[in-house]
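Report on the following structure.
The values are calculated or read from the model by the stated rules, or taken from the named source; none is laboratory data. Because the structure is a prediction, the values reported are computed rather than measured. For neighbour counting, all protein chains shown are included, and Cβ atoms are generated from backbone atoms with ideal geometry for every residue, glycine included.
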Amino acid sequence: MTETAVKRAPGRGRFITFEGGEGSGKSTQIKTLAERLAAAKLRAIVTREPGGSPGAEVIRHLVLSGMGKLLGPDAETLLFAAARDDHVRTVIQPALNQGIWVLCDRFSDSTRAYQGRLGQVLPAVMNAMERVTIGDLKPDLTIILDVPAEIGMQRAAKRRGAGVPDRFEAEDLKFHQDLRDAYRQIAVSDPQRCVLIDATAPADTVAANVWSALRDHLFAMTNTAHSA
């Protein structure tokens with residue numbers, strides 16, 4: 001997809017989420033994609049979860065400090081739902097309505113992987129929280145960056161340096177291996193929306209594959225919309 005072709009995307013902005021375990025390179029790839037979209041003269045914002053809005057950032061601090069874990073997975077899910085509700089209402093939906101592309105570091109798939117699969121929160125609870133917080137809003141494209149848990153944990157430790165690991169970084173290897181499996185299952189279950197990308201490759205190669213995913217999914221979507 002050329003920059004000229006991308007610029008023709010009409011109307012509502014596109015919503016692209018990045019998912020993956022700790023150390024998968026989401027921040028790097030979001031930054032690279034934002035720069036490429038800017039070069040294509042497309043307005044885009046970069047945001048994150050938990051957080052992304054003033055109210056949600058307060059909840060982010062609570063979650064990453066370990067408070068949610070102490071309360072249990074159901075309560076932690078409610079914290080994420082509250083943060084997501086504020087984030088969607090005040091940042092994501094208004095931007096999309098203005099034709100701005102939204103690039104989000106984690107979204108509802110993270111809650112399904114961390115709290116749903118690993119925390120064993122019941123699917124009915126997860127579905128109810130999604131209906132309340134996001135309704136019909138779903139990402140147009142989800143990039144799942146896939147790395148073996150051992151590599152991801154090494155990267156996260158290097159990035160953190162002398163800092164203290166957060167609530168999720170502090171989990172053991174088995175947790176992160178199960179998390180990787182959860183994300184891979186999400187990719188298999190929704191291939192029209194999700195693209196699984198090998199994030200062990202050099203960053204430039206990963207970025208090229210992200211751009212190819214954008215071309216194959218969103219440019220095809222634009223052509224379909226024009227022909228409808």
* To do: Among the residues of segment 139-176, write down those that are within 13 Å of G20 (Cα to Cα) and of a type in the set (S, T, N, Q).
  => T142
* Residue check: is E35 within 30 Å of L118 (Cβ to Cβ) and charged (D, E, K, R)? -> no
* Structure fact -> Looking across segment 38-65 at residues that are hydrophobic (A, V, I, L, M, F, W, C) and touching a Pro at 6+ places or on another chain (Cβ under 7 Å), the single one that is farthest from I100 (Cα to Cα) is V63
* 1 or more residues touching a Gly at 6+ places or on another chain (Cβ under 8 Å), at pLDDT 90 or above and surrounded by 13 or more Cβ atoms within 10 Å (Cβ to Cβ): qualifying helices (runs of 4 or more DSSP H) within segment 107-219 -> 123-133, 149-160, 173-189, 203-214
* Got a number for residues in segment 91-106 being closer than 20 Å to I30 by Cβ, touching a residue at least 12 places away in the same chain (Cβ under 8 Å) and assigned to a helix (DSSP H, G or I)? -> 5
* To do: Using the structure shown, decide if I151 is within 19 Å of the chain's Cα centre (by Cα), of a type in the set (V, I, T) and over 20 Å from Q115 (Cβ atoms).
  => no
* To do: Hey, can you tell me all the residues within segment 107-146 that are over 24 Å from K26 (Cβ atoms) and not small (G, A, S)?
  => Q120, L122, P123, V125, N127, R131, V132, D136
* **Filter result (surrounded by fewer than 19 Cβ atoms within 10 Å (Cβ to Cβ), more than 21 Å from V164 (Cα to Cα) and touching a residue at least 12 places away in the same chain (Cβ under 8 Å)) within segment 55-78** => G55, P73, D74, L78
* Being of a type in the set (D, E) and more than 17 Å from L218 (Cβ to Cβ) is the filter here, so list the residues in segment 171-198 that pass it. => E171, D172, D178, D181, D198
